[in-house]
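> One structure coming up, written as structure tokens, with questions to follow.
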Amino acid sequence: MNEPVYIRIRKLTVGLLGLLITGDILYALWAIGHPLPCFFRRLTGLRCPGCGVTHMCVALLHGQWAAAWQANPCLLLFSPIIGYLLTRMAAGYLKNGHPGLNKRDEHIAVALVVILIAWGVFRNLFGY
């Protein structure tokens, strides 16, 4: 059974508030010198495609575009596309009750995953 729109709005709002609070906690931890460690890097010694995202976000909060680019250029470059896909998923959830994407957006998401995996390989092979 499909839940009413106001329930979906409430769930989406709670989820977004949870993300905001989590971001605030992570920023506070970073500010006192305890950034979130990358468990992939800790286990393998390799940098994952998301390594540097905390530093990138903090640099963006401070308006330091060059530092954000240094932290993770791939995610910085593709963050508008990620934002677009997340917005489409939220809109789909509000409209239909499930975060379905249309075929074009699914192809964009798959291409983005492939690019991020390639970025992870590239940054480890060439030390970027």
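The values are calculated or read from the model by the stated rules, or taken from the named source; none is laboratory data. The structure displayed is predicted, hence computed values, not measured ones. Virtual Cβ from ideal backbone geometry, glycine too; neighbours counted across all protein chains shown. All accessible areas refer to the heavy atoms of the entire protein, side chains included, with ligands and DNA or RNA removed. Shrake-Rupley method; radii C 1.70, N 1.55, O 1.52, S 1.80 Å.
> Across the range 50-66, which residue is surrounded by the fewest Cβ atoms within 10 Å (Cβ to Cβ) among those that are assigned to a loop (DSSP other than H, G, I, E, B) and small (Gly, Ala, Ser)?
GLY63
> Take the residues in the range 24-38 that are under 10 Å from THR54 (Cβ atoms) and not hydroxyl-bearing (Ser, Thr, Tyr), then tell me which one is surrounded by the fewest Cβ atoms within 10 Å (Cβ to Cβ).
PRO37
> Continuing with this model, one more query. Taking the conditions exactly as written (in contact (Cβ under 8 Å) with a residue 60 or more places away in the chain and not polar (S, T, N, Q)), does VAL5 satisfy them or not?
Answer is yes for this residue.
> Further question on the same structure: Inspect all residues belonging to the range 58-70 and state whether any of them is in contact with a Cys (Cβ under 8 Å, 6 or more places away or on another chain), of a type in the set (Gly, Ala, Ser) and farther than 19 Å from LEU116 by Cα.
No - not one qualifying residue is present in the range 58-70.
> Take the residues in the range 91-118 that are charged (D, E, K, R) and modelled with pLDDT of 90 or more, then tell me which one is surrounded by the fewest Cβ atoms within 10 Å (Cβ to Cβ).
LYS103
> Quick test for you: out of GLY33, GLY100, GLY52, pick the one residue that is over 22 Å from THR22 (Cβ atoms) and free of Cβ contacts under 8 Å to residues at least 24 places away in the same chain.
Result: GLY100 is the single residue among GLY33, GLY100, GLY52 that is over 22 Å from THR22 (Cβ atoms) and free of Cβ contacts under 8 Å to residues at least 24 places away in the same chain.
> While we're on this one: In the set ARG41, ARG88, ARG47, which member is among the basic types (Lys, Arg), assigned to a helix (DSSP H, G or I), in contact (Cβ under 8 Å) with a residue 12 or more places away in the chain and surrounded by 11 or more Cβ atoms within 10 Å (Cβ to Cβ)?
ARG88
> So, TRP69, is that one assigned to a helix (DSSP H, G or I) and either open to solvent by 60 Å² or more (accessible area, probe 1.4 Å) or on the phi > 0 side of the Ramachandran plot (or both) or not?
Criteria met by TRP69.
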